[in-house]
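Notes follow the structure.
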Amino acid sequence: MTQTIAPPTPSASTARWVVMGVCGCGKSTVGNALARRFGVAFIEGDQFHPAANVEKMSAGVPLDDDDRAGWLQALADQIRQARERNAGLVVSCSALKRRYRDLLRQADPGLRFAHLHGPRELIAARLGGRADHYMPPALLDSQLRDLEPLQRDEGGLALDIALPPGELVERIAGQG
């Protein structure tokens, strides 16, 4: 199921998107494909976590707001720079809470969000099949507890991860 949350933006080549959701929902896969579709840069948000955050998550300890603050600011800085250059950009970022998204939007009031969501069982199965990521499946429940779904006034759309990645990309592309 796709839920449109706000009207489309005028130009995909200059639009800036955050592909958001809990771990294992497909943010990196969809975000990278969306960036290729638009011909813009892709930023893998996980690469901006400081070593202390990676160590904490690797140990199965959920991040808190303080842990995420510097990481979110680093991503906001990347978004701001893209806006200042009038360049398109796609960022993968969990953006679990409204206040996190508000911080990112401060860098670009026109920032759009694609919230990938689905049933816990599907996400857990995907996480169980991942061998190349530091985020253990045990942290899924903490992310689901923290998740504040994208709201109608936030600009973007919510997409069901049961759809194939290519279809998710096309639905996002149709919005911006």
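Just so it is clear, none of the values below were taken in a lab; they were calculated from the coordinates. All values derive from a computational prediction rather than experimental measurement. Note: ideal-geometry Cβ built from the backbone for every residue, glycine included; neighbour counts use all protein chains shown.
Placing +1 at every Lys and Arg Cβ and -1 at every Asp and Glu Cβ, with all other atoms neutral, what dipole size does the chain have around its Cα centre, in debye to the nearest 20?
Charge dipole, the chain, about its Cα centre: 440 debye, nearest 20.
Would you grab the residues whose amide H sits under 5 Å from the one on residue 16? Only those 5+ places off in sequence or on another chain, please, with H modelled 1.01 Å from N.
Answer set, sorted by chain and number: 89, 112.
Please give the calculated 222 nm ellipticity per residue for the chain, where each DSSP H segment of at least 4 residues contributes -39500 (n - 2.57) and the sum is spread over every residue; nearest 500 deg cm²/dmol?
-13000 deg cm²/dmol
Of the peptides 62-68, 99-105, how do they stack up when ordered by the mean number of other Cβ atoms within 10 Å, highest first?
99-105, 62-68
How many nm separate the modelled label positions at residue 85 and residue 124, each set 7 Å beyond the Cα in the direction of the Cβ?
Once both label points are built, they end up 4.2 nm from each other.
For residue 43, what residues show an amide H to amide H distance below 5 Å, using hydrogens built from the backbone and excluding near sequence neighbours?
It is 90, 91, 92, by chain and number.
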